[in-house]
Amino acid sequence: DARVTQTPRDKVTEMGQEVTMRCQPILGHNTVFWYRQTMMQGLELLAYFRNRAPLDDSGMPKDRFSAEMPDATLATLKIQPSEPRDSAVYFCASGFGSGNTGELFFGEGSRLTVL
Amino acid sequence: QKEVEQNSGPLSVPEGAIASLNCTYSDRVSQSFFWYRQYSGKSPELIMSIYSNGDKEDGRFTAQLNKASQYVSLLIRDSQPSDSATYLCAVTSDTGGFKTIFGAGTRLFVKA
């Protein structure tokens with residue numbers, strides 16, 4: 001059963017701490033997206049990769065967020081230092097193709113709470 | 001102006017009725033259009049995709065696309081209480097390498 005796997009599922013941390021979220025895309029998919037979802041903003045695109053190359057990370061606060069894809073089976077999203085306003089559910093999604101990259105499969109999300 | 005706009009709702013319909021969900025987008029070069037369903041506390045799941053003008057039907061779901069008006073809609077026929085969820089419109093354009101942008105979603109309640 002192919003699925004996107006995200007860890008951790010839940011994370012509670014204190015302001016100023018580093019947070020790393022991990023995503024294993026579906027084997028064979030060549031696009032990976034990171035989204036953040038809050039009640040107020042909905043699903044915001046943070047960054048995305050195609051064939052492991054970062055294509056756009058304009059949605060991320062550059063001073064504290066970083067996204068990488070060290071290999072085809074792992075994507076990471078790091079926040080350092082974390083702030084209370086970063087509290088949200090972070091989703092990773094993967095897909096395959098060019099024009100139909102919107103056909104995405106989502107992980108279960110990482111719920112982050114920054115105190 | 002947001003790139004993808006949806007009425008946040010909630011939209012409430014009785015069981016068996018047709019639910020109509022609407023979405024507009026701002027980027028004229030958008031190429032692919034999608035509807036995702038998200039149950040409370042769960043992740044979004046793809047239910048429909050549409051790439052050309054007109055209607056596309058899949059079971060009780062019909063997606064409609066009008067590129068001239070930059071408008072996408074989703075019709076749910078014979079609505080069931082299990083259809084109660086948030087419906088997210090998503091648009092992919094080739095600006096910046098086929099990124100996919102989501103609307104904020106419309107909450108749908110189907111009353112038994």
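The values are calculated or read from the model by the stated rules, or taken from the named source; none is laboratory data. Since the structure is predicted, the reported quantities are computational estimates derived from the model, not experimental observations. Ideal geometry is used to build each Cβ from the backbone, glycine not excepted, and the neighbour counts take in all protein chains shown. All accessible areas refer to the heavy atoms of the entire protein, side chains included, with ligands and DNA or RNA removed. Shrake-Rupley method; radii C 1.70, N 1.55, O 1.52, S 1.80 Å.
What about residue A:3, is it within 11 Å of chain B (Cβ to nearest Cβ), touching a Gly at 6+ places or on another chain (Cβ under 8 Å), surrounded by fewer than 18 Cβ atoms within 10 Å (Cβ to Cβ) and touching a residue at least 24 places away in the same chain (Cβ under 8 Å)? Considered against the rule, which asks whether it is within 11 Å of chain B (Cβ to nearest Cβ), touching a Gly at 6+ places or on another chain (Cβ under 8 Å), surrounded by fewer than 18 Cβ atoms within 10 Å (Cβ to Cβ) and touching a residue at least 24 places away in the same chain (Cβ under 8 Å), residue A:3 comes out as yes. Per this entry, residue A:15 is counted among residues that are open to solvent by 30 Å² or more (accessible area, probe 1.4 Å) and at pLDDT 90 or above.
For the structure I just gave you, tell me whether residue A:76 is among the hydroxyl-bearing types (Ser, Thr, Tyr), within 11 Å of chain B (Cβ to nearest Cβ) and in contact (Cβ under 8 Å) with a residue 24 or more places away in the chain. In short, no.
Taking the criterion of being open to solvent by 10 Å² or more (accessible area, probe 1.4 Å) and out of contact with any Ser or Thr (no Cβ under 7 Å at 6 or more places or on another chain), the residues of the range B:26-41 that qualify are B:26, B:28, B:37, B:39, B:40, B:41. Look through the range A:38-60, keep the residues that are within 15 Å of residue A:111 (Cα to Cα) and more than 9 Å from every other protein chain (Cβ to nearest Cβ), and return whichever of them is modelled with the lowest pLDDT. So the residue we want is A:39.
The set of residues in the range B:69-105 being in a strand (DSSP E or B), polar (S, T, N, Q) and within 14 Å of another protein chain (Cβ to nearest Cβ) consists of B:86, B:92, B:93, B:100. Applying the set (1) in contact with a Ser or Thr (Cβ under 7 Å, 6 or more places away or on another chain); (2) surrounded by 14 or more Cβ atoms within 10 Å (Cβ to Cβ); (3) not in a strand (DSSP E or B) to residue B:8 leaves exactly one unmet item: (2).
Counted as qualifying within the range A:26-79 are the strands (runs of 3 or more DSSP E) with 1 or more residues that are open to solvent by 60 Å² or more (accessible area, probe 1.4 Å) and of a type outside the set (Gly, Ala, Ser), namely A:53-56, A:65-71, A:74-79. Please verify whether the range B:42-52 includes one or more residues that are open to solvent by less than 60 Å² (accessible area, probe 1.4 Å), touching a residue at least 24 places away in the same chain (Cβ under 8 Å) and away from chain A (no Cβ under 12 Å). The answer is no; no qualifying residue exists. The conditions of being aromatic (Phe, Trp, Tyr), surrounded by 19 or more Cβ atoms within 10 Å (Cβ to Cβ) and more than 9 Å from chain B (Cβ to nearest Cβ) are not met by residue A:105.
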